[in-house]
Amino acid sequence: MDTAKSPEDGWSDLPVYDASKRSMATIVGGRLRRISRTGLYVALASVMSIVGLYLLSQLDYHGPPTFARLDDKVAPHETPDCSPRYNISSMDIWNKATVRYNHLMDDKFTIAIQTYRRPDQLKATLDLLLAPEIPSLHEIVIIWNDLETPTPPDFTSDHNVTVRHRMSTANSLNQKLLPDAGFQTQAVLLSDDDVHYDAADLDFVFQQWRAHGRNRLTGAFARCVDQNPESGEWQYGWCKGHEAYSMVLTGLSFVHMAFLDYYSSEDPLMTRVREYVDEHFNCEDIAMNFVTSMLTCEGPLQVSGLHRPTNEAPPAGISTKPGHLEARHVCINSYVAMFGHMPLVETSEYISRGYVSG
């Protein structure tokens with residue numbers, strides 16, 4: 001059956017293509033045109049690939065966001081135990097704090113001394129610190145916690161060190177850990193009014209902090225924690241018989257301004273910690289050790305000079321009250337509960353000025 005449409009039906013027959021009538025020139029020309037188009041496509045694809053690879057090479061990619069460090073001289077000691085910090089701390093607050101104080105002096109330090117109604121002890125400490133010239137000491141700031149007594153006048157020592165008094169807004173141990181807006185140095189030596197390094201050793205200790213201690217507390221007096229294998233509870237101790245330690249007291253330790261910034265921030269965990277310190281009037285030093293190790297995953301650094309640091313604990317001080325040691329045990333366990341894990345990092349590192357004879 002012939003189904004072809006006639007011209008009367010509105011359709012016309014398509015012309016039949018006769019390949020035998022094509023000339024060799026036509027065939028060659030068509031193939032050349034196809035080759036030219038293919039080459040053009042290949043060339044364009046190659047150019048686009050090269051441009052894309054170049055642009056990718058210009059991207060500064062460092063992987064997923066992580067916690068900033070205060071220096072790049074030492075590789076971070078990342079361990080699996082550091083992972084909880086991503087869940088309990090504010091990376092954004094910390095990373096901003098690490099760069100907020102870059103404009104402050106790096107080659108000098110400030111001493112922050114907290115005091116409460118002990119003018120004679122404070123004067124004795126100031127006299128010892130100001131008598132010799134300490135090249136790297138820029139300023140001494142007295143955190144005045146006696147809210148009922150006006151601060152003494154500020155003054156400048158014979159070696160051009162300013163002594164500034166700052167009236168506290170509350171009689172709180174947290175006051176010493178504030179990032180004072182008037183501080184002009186990145187390094188702050190936290191100190192009580194009855195504790196100090198020998199003035200001849202201060203510059204040495206500061207230089208060790210600059211070289212090795214920016215990401216941790218660097219100080220004189222080491223402390224330890226032990227976990228009861230049966231109860232799982234933690235206990236605070238003086239490290240007798242220990243080969244390693246996990247804290248240094250903020251009664252005499254160097255700290256970077258960034259840690260003070262974070263401790264005093266609006267981070268919910270830090271708010272709870274400060275409230276705990278105020279409620280118990282104790283354990284701000286333990287708290288600062290928890291914070292620094294949580295943020296950097298490093299243990300503290302104990303540094304000693306040629307002379308033994310002075311610690312003239314008063315007979316009526318906080319550390320001499322009955323139940324003080326038990327209260328420290330409670331603080332440790334309370335902080336572990338707040339932080340959700342034990343962030344303290346044990347270390348056996350320490351630096352001592354001098355030499356070993358042999």
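Below is a table of values for the structure above.
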| item | result |
| --- | --- |
| Conditions (1) assigned to a helix (DSSP H, G or I); (2) modelled with pLDDT of 95 or more; (3) not hydrophobic (A, V, I, L, M, F, W, C): number failed by Asp81 | (2) |
| Scope the stretch 210-225; condition hydrophobic (A, V, I, L, M, F, W, C) and either over 19 Å from the mean Cα position of the chain (by Cα) or surrounded by fewer than 24 Cβ atoms within 10 Å (Cβ to Cβ) (or both); matching residues | Ala211, Ala220, Phe221, Ala222, Cys224, Val225 |
| Any hit, the stretch 160-169, residues being of a type in the set (S, T, N, Q) and surrounded by 21 or more Cβ atoms within 10 Å (Cβ to Cβ) | no |
| Qualifying residue in the stretch 248-267 (condition: surrounded by fewer than 22 Cβ atoms within 10 Å (Cβ to Cβ) and over 20 Å from the mean Cα position of the chain (by Cα)) | no |
| All positions within the stretch 237-247 that are in a loop (DSSP other than H, G, I, E, B) and surrounded by 23 or more Cβ atoms within 10 Å (Cβ to Cβ) | none |
| Residue in the stretch 319-339 that is touching a helix residue (DSSP H, G or I) at 6+ places or on another chain (Cβ under 8 Å), modelled with pLDDT under 95 and outside any strand (DSSP E or B) present | yes |
| Residue that is surrounded by the most Cβ atoms within 10 Å (Cβ to Cβ) [pool: residues in the stretch 330-347 that are of a type in the set (Gly, Ala, Ser) and over 21 Å from the mean Cα position of the chain (by Cα)] | Ser334 |
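The values are calculated or read from the model by the stated rules, or taken from the named source; none is laboratory data. The structure displayed is predicted, hence computed values, not measured ones. All Cβ positions, even for glycine, are placed from backbone atoms using ideal geometry, and neighbour counts span all protein chains on display.
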